[in-house]
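This report refers to the structure that appears directly beneath it.
The values are calculated or read from the model by the stated rules, or taken from the named source; none is laboratory data. These numbers were taken from a predicted model, which means no experiment stands behind them. A quick note on method: Cβ atoms are made from the backbone with ideal geometry, for glycine too, and the neighbour counts reach across all protein chains shown. SASA here: full protein model, heavy atoms, side chains in, ligands and nucleic acids out. Shrake-Rupley method; radii C 1.70, N 1.55, O 1.52, S 1.80 Å.
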Amino acid sequence: MFMIMGGAAYLGWLLTFGTGIFLVVQRRMDRVMTWAIALGLVISLAGLSVGYLMTAPTPDQAHELAEGLHLSTIGAHSVGAPDGGSGMPVTGWATGSGDLRVAHFIGLHALQVLPLIAIGLRMLSRRFSVLASTTTRAALVITAASSYAGLTGLTLWQAQRGQALIHPDSSTLGALAALGLCGHDPGRIRPAVQGAFRTATHRRLGQVVRRSVNGADAGLPGG
């Protein structure tokens, strides 16, 4: 089963990558949505990559394989306990051990969450003038993406230590608090985004001027 999952993970990774690149190169999108899709693509690919960890042999399975035993199943999503233990309602995520599916799920859906945030900010900009600036909304999207990536990494780190999502220790809670503080102030990101937009604008203006000059030169009579 996990071998089939491994092949599906490769296919899903490639399809997500191709779809994301196709969307990023579309010129009809505004800059905020471009940031949302590009960053969402990177995080989603990272989340998909967590699936490969589930297909790798566990230490016990590796030992049995080394002894020449034939295993019907290779890989696991639980860390610190066998698969099939008690799970959370709806999701089924393990409650007594680490579960790699948490980080896989969170990271995987970044490509949907971040564009939805961009759409929400655009709708709110009609009512709140502070969001009217494209630069401000882009900074907020980048902040959200940074926090989202941090949350994905945090849940992966938690699972790899054999710790259930609903039973965080002090280290996990401390990392979560630090993540919240780092994502609290998007003001530090705004100047960087503004500089990137200014550079891109200058580059486009330069291209327009060069085309105009070249077109004018082509229309002059020869000497």
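For the condition farther than 17 Å from GLN160 by Cα, open to solvent by 30 Å² or more (accessible area, probe 1.4 Å) and aliphatic (A, V, I, L, M), what is the one hit in LEU41, LEU45, LEU71? If you could, list the steps in order and put the result at the bottom.
Details: LEU41 fails: open to solvent by 30 Å² or more (accessible area, probe 1.4 Å); LEU45 fails: open to solvent by 30 Å² or more (accessible area, probe 1.4 Å).
After ruling out the rest, the residue left standing is LEU71.
From the list THR143, THR152, which one is open to solvent by less than 50 Å² (accessible area, probe 1.4 Å), out of contact with any Pro (no Cβ under 9 Å at 6 or more places or on another chain), hydroxyl-bearing (Ser, Thr, Tyr) and touching a residue at least 12 places away in the same chain (Cβ under 8 Å)?
Working: THR143 fails: out of contact with any Pro (no Cβ under 9 Å at 6 or more places or on another chain).
Only one candidate passes the filter, namely THR152.
Residue under question is ALA200, and the condition is that it be modelled with pLDDT of 90 or more and either part of a helix (DSSP H, G or I) or surrounded by fewer than 20 Cβ atoms within 10 Å (Cβ to Cβ) (or both); does it hold?
Details: modelled with pLDDT of 90 or more: no; either part of a helix (DSSP H, G or I) or surrounded by fewer than 20 Cβ atoms within 10 Å (Cβ to Cβ) (or both): yes.
Judged against the criteria, ALA200 is not a match.
Quick one: count up the residues across the range 156-167 that are in contact with a strand residue (DSSP E or B) (Cβ under 9 Å, 6 or more places away or on another chain) and open to solvent by less than 80 Å² (accessible area, probe 1.4 Å). Even if it seems obvious, please write down each step before you answer.
Looking only at the range 156-167, we keep the residues that are in contact with a strand residue (DSSP E or B) (Cβ under 9 Å, 6 or more places away or on another chain), and these are 158-165.
Right, trim to open to solvent by less than 80 Å² (accessible area, probe 1.4 Å) and you get 158-159, 162-165.
Here the count works out to 6.
Kindly provide the set of residues from the range 99-114 that are in a helix (DSSP H, G or I) and open to solvent by 20 Å² or more (accessible area, probe 1.4 Å), ordered by number. Before the answer, list the steps.
Here is the first cut: in the range 99-114, the ones in a helix (DSSP H, G or I) are 100-108, 110-114.
Hits for the range 99-114 are ARG101, HIS104, PHE105, ILE106, LEU108, LEU111, GLN112, VAL113.
If THR19 meets every condition in (1) of a type in the set (Ser, Thr, Tyr); (2) more than 17 Å from TRP157 (Cα to Cα); (3) modelled with pLDDT of 85 or more apart from one, which number is that one?
(3)
Take THR91 and decide whether it is of a type in the set (Ser, Thr, Tyr), open to solvent by 50 Å² or more (accessible area, probe 1.4 Å), modelled with pLDDT of 85 or more and not in a helix (DSSP H, G or I).
Values: of a type in the set (Ser, Thr, Tyr): yes; open to solvent by 50 Å² or more (accessible area, probe 1.4 Å): yes; modelled with pLDDT of 85 or more: yes; not in a helix (DSSP H, G or I): yes.
Considered against the rule, which asks whether it is of a type in the set (Ser, Thr, Tyr), open to solvent by 50 Å² or more (accessible area, probe 1.4 Å), modelled with pLDDT of 85 or more and not in a helix (DSSP H, G or I), THR91 comes out as yes.
Only one of (1) closer than 30 Å to SER78 by Cα; (2) surrounded by fewer than 17 Cβ atoms within 10 Å (Cβ to Cβ); (3) among the aromatic types (Phe, Trp, Tyr) is not met by PHE128, so which one is it?
(1)
Here are some conditions: (1) touching a helix residue (DSSP H, G or I) at 6+ places or on another chain (Cβ under 9 Å); (2) touching a residue at least 60 places away in the same chain (Cβ under 8 Å). THR91 meets all but one. Which one does it not meet?
Among (1) touching a helix residue (DSSP H, G or I) at 6+ places or on another chain (Cβ under 9 Å); (2) touching a residue at least 60 places away in the same chain (Cβ under 8 Å), THR91 violates only (2).
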